[in-house]
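A.B. asks: Pasting a structure here, questions to come.
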Amino acid sequence: MNISLLAEIDFIAFLPFAAFGACALFAWAMADFVMNRQGQSTARLQKIRAGLGGTDPNAKDGDRPSLTKFLEAASPTFSESMKPKSAKEVGKLNQKLSEAGFRAENALALFVTIKGIGAMVGFVFGGGLGLIFAGISIFTLLYTFGAAVVFMMVPEFALAFIAKKRKEAIFLGLPDALDLMVVCVEAGLGLDQAMRKVAEELKRSHAVLAHEFRICNQALQMGQTRIEVLEDLGQRNGVDDLKTLSNIMIQVDRFGTSVGTALRTQSDAMRIRRRQIAEEKAAKTAVKLIFPLVLFIFPGIFVVLVGPAAITMVNEMLPAFQNGR
């Protein structure tokens with residue numbers, strides 16, 4: 001009787017883990033089905049293109065798809081249900097990806113796929129921890145969906161962080177790029193040649209800005225007008241100073257004013273703004289230091305200064321109180 005009771009208790013305790021394992025296995029099987037279906041369709045297309053009727057001539061038995069190829073293969077099918085529905089939301093997401101430097105054709109699909117995979121990982125992770133610590137309850141459900149939402153939002157925060165760092169790199173490199181462009185223009189080079197020279201010289205110190213100028217040069221070589229290239233330069237990066245610079249260069253190109261004077265004025269304005277931002281951060285430092293001072297440094301100083309006096313007072317006054325009693 002006791003053995004059967006223990007077996008029943010063990011089975012009841014094992015039931016939540018079995019249910020979670022079954023759900024995780026089902027999710028993995030669905031993902032594997034989507035991947036295999038996409039792989040088969042890709043293989044059929046390769047057979048048709050190669051015209052060999054069976055095998056891909058470039059395929060090797062030991063080759064394994066990389067993470068990027070894995071995501072690219074999964075993204076067309078996996079991301080359809082998670083893509084933004086309206087054109088406005090799609091445009092906003094494409095702008096965020098462009099500001100972070102991700103401008104491939106499949107960047108949107110890959111990003112949405114990564115978010116979906118993050119949600120699945122959060123679902124499995126949160127569900128597992130919930131079953132371990134809370135069993136089958138409403139708290140487990142909340143843990144599961146909360147972890148899924150958090151893991152799904154991690155790519156958004158990562159994208160915003162990358163875009164912020166990229167904008168900061170462009171902002172810090174613009175004054176140096178403009179000074180070099182002024183030197184090139186005053187030496188007799190045209191604006192296009194000056195941008196090409198700046199891209200070559202700044203590829204080590206300011207790689208992000210040099211890359212943007214290289215994109216402009218490639219667009220000009222492919223036949224786009226200078227105004228279109230400059231407008232695209234200002235829009236795709238989301239940096240206000242770069243938008244201002246592109247507008248100034250468009251006005252210079254339209255009205256034929258002095259390029260060197262305009263670039264030098266803009267460079268001086270950017271340096272003044274950068275100095276003002278540094279002064280603003282320095283002024284905020286005193287306020288930001290209050291919290292670590294009060295929470296960490298002041299208690300230590302208080303213990304060091306008041307501690308010996310407090311110990312002396314206790315040692316002197318405690319015997320007097322005891323004798324008085």
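The values are calculated or read from the model by the stated rules, or taken from the named source; none is laboratory data. Since the structure is predicted, the reported quantities are computational estimates derived from the model, not experimental observations. Using ideal geometry, Cβ is built from the backbone for each residue, glycine included, and neighbour counts are taken over all protein chains shown. Quick note on the areas: whole protein, heavy atoms, side chains included, nothing else; ligands and nucleic acids left out. Shrake-Rupley method; radii C 1.70, N 1.55, O 1.52, S 1.80 Å.
A.B. asks: To the nearest 10 square angstrom, what accessible area does Arg273 show with a 1.4 Å probe?
C.D. replies: Rounded to the nearest 10, that gives 100 Å².
A.B. asks: Can I ask one more? Order the following by accessible area, largest value first: Phe171, Phe151. Probe radius 1.4 Å; ligands, DNA and RNA are ignored.
C.D. replies: Correct descending sequence by accessible area is Phe151, Phe171.
A.B. asks: So which GluC sites (Glu not before Pro) in segment 268-325 are both in a DSSP loop and have at most 10 other Cβ atoms within 10 Å of their Cβ?
C.D. replies: Answer by residue number: there is no such site.
A.B. asks: Okay, moving on. Can you compute the equivalent ellipsoid semi-axes for segment 223-278, i.e. the square root of 5 times each eigenvalue of the Cα gyration tensor, sorted largest first and rounded to whole Å?
C.D. replies: 22, 16, 6
A.B. asks: With a 1.4 Å probe and all protein chains left in place, how much of the accessible area of segment 225-304 comes from carbon and sulfur atoms, in whole percent?
C.D. replies: Percent of accessible area from carbon and sulfur atoms in segment 225-304: 65.
A.B. asks: Follow-up question, since we're still on this one. Rolling a 1.4 angstrom probe over the protein chains, ignoring ligands and nucleic acids, what is the accessible area of Phe139 in square angstrom, nearest 10?
C.D. replies: 120 Å²
A.B. asks: Considering the alpha-carbon set of segment 216-325 alone, what are its Rg and its Dmax in angstrom?
C.D. replies: Every Cα atom of segment 216-325 included, Rg and Dmax give 32.0, 101 Å.
A.B. asks: Moving to a separate point now. For segment 99-179, what class follows from the C-alpha gyration tensor (a ≥ b ≥ c being the square roots of its eigenvalues): rounded when a/c is under 1.5, otherwise prolate if a/b is larger than b/c, else oblate?
C.D. replies: Prolate is the answer for segment 99-179, as a/c is 1.5 or above and a/b outweighs b/c.
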